[in-house]
Amino acid sequence: EKTDSFSTSGVRDVTGASGSFAGHQVEARFRYWVIPSFLRAEVNALWLAKGRFLRDAPNAHDTGDTHYLSTALTATF
């Protein structure tokens with residue numbers, strides 16, 4: 001609904017004038033066996049391209065798009 005808040009962010013437009021489109025989320029993951037069957041490296045990336053609602057709602061944060069990057073090493077034994 002156009003008057004709902006977005007998840008737990010608290011961003012809300014009680015008038016509904018900001019629309020209901022929150023944006024696009026794109027995720028990617030790259031995995032590589034550093035030592036086959038024992039040690040795996042991983043890189044994860046996420047991009048949230050804010051839509052009209054997350055840009056224009058009265059209490060929306062003016063922080064631009066959201067980007068995340070994480071890395072991990074997994075040992076299997």
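The values are calculated or read from the model by the stated rules, or taken from the named source; none is laboratory data. What you see is a predicted model, and the numbers here were worked out from it, not measured in a lab. Please note: Cβ atoms are built from the backbone with ideal geometry, for glycine as well, and neighbour counts cover all protein chains shown. Surface areas here come from the heavy atoms of the whole protein model, side chains and all, with no ligands, DNA or RNA. Shrake-Rupley method; radii C 1.70, N 1.55, O 1.52, S 1.80 Å.
Based on the Cβ-Cβ distance of PHE21 and THR76, what FRET efficiency does E = 1/(1 + (r/R0)^6) give at R0 = 35 Å, to the nearest 0.05?
Working from the Cβ atoms, E equals 0.25.
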Accessible area of VAL26, 1.4 Å probe, to the nearest 10 Å²?
80 Å²
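Rounded to the nearest 20 Debye, what is the dipole magnitude of the chain about its Cα centre when Lys and Arg each give +1 and Asp and Glu each give -1 at the C-beta?
On the way: 8 positive and 8 negative charges, 48 e Å.
It comes to approximately 240 debye.
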Given N residues in the chain, what is Rg(Cα) / (2.2 N^0.38 Å)?
1.59
Distance between modelled label sites at TRP33 and ALA49, nm, 7 Å Cα→Cβ extension
3.6 nm
Using alpha-carbon positions, what is the distance between the centroids of the stretch 46-77 and the stretch 5-29, in Å?
12 Å
Lys/Arg +1, Asp/Glu -1 at C-beta; the chain dipole; positive extreme among GLY19, LEU69, LEU48:
LEU69
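Report relative contact order for the chain in percent, whole number only (criteria: Cα-Cα under 8 Å, sequence separation at least 6). Can you show the working numbers first?
On the way: 148 pairs, mean separation 23.4, N = 77.
Taking the mean separation of contacting Cα pairs over the length of the chain, I get 30 percent.
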Roughly how many Å² of TYR68 are accessible to a 1.4 Å probe, to the nearest 10?
150 Å²
